[in-house]
Amino acid sequence: MNKVRITVAGMAVAGLAALLSPTAAQADGTAAWQGSCAKGDFCVWSGKNGTGTKCAWDGDDPDWRGGNVRCSPRFLVASYWNNGYTGSYSKVKVYHFADYDGYWGTIDAGKRGSFWEGQLMNSHKWAN
């Protein structure tokens, strides 16, 4: 009877450890990423992990719906990557609305990530 309890307890601990331990793909955070973003660009995607429709810029854009790079009117950002250079103007300030209105946040150079759900973003500018 003690042998059975020890075996069951050992299996439960091993199962819990497997659930709580990140896999190699999760540990470095890059294995699931699928999108590419040219060096020096700020890129956003409609899907998580760089999937779906992509919009990319190498400069400021006060209106993602009407500028040189046009995202769909219903475009919601599910993932992003600031692949800019370090140094001056390496951060990207992102805004919910056109003309840099409704500050959302700042993304440092080299940072990328995904959101639980799509975010409304409509303009950005490079900053120190």
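Inspection of the range 52-68 identifies at least one residue that is loosely packed, with under 12 Cβ neighbours inside 10 Å, under 25 Å from Asn128 (Cβ atoms) and at pLDDT below 95. How about the range 48-63: which of its residues are under 22 Å from Tyr103 (Cβ atoms) and part of a strand (DSSP E or B)? Those that are under 22 Å from Tyr103 (Cβ atoms) and part of a strand (DSSP E or B): Cys55, Ala56, Trp57, Asp61. The strands (runs of 3 or more DSSP E) found entirely in the range 72-128 include none that carry 1 or more residues being in contact with a Lys or Arg (Cβ under 6 Å, 6 or more places away or on another chain) and free of Cβ contacts under 8 Å to residues at least 12 places away in the same chain.
The values are calculated or read from the model by the stated rules, or taken from the named source; none is laboratory data. Just so it is clear, the structure is predicted and the values come from calculations on it, not from any experiment. Backbone-built Cβ (ideal geometry, glycine too); neighbour counts: all protein chains shown.
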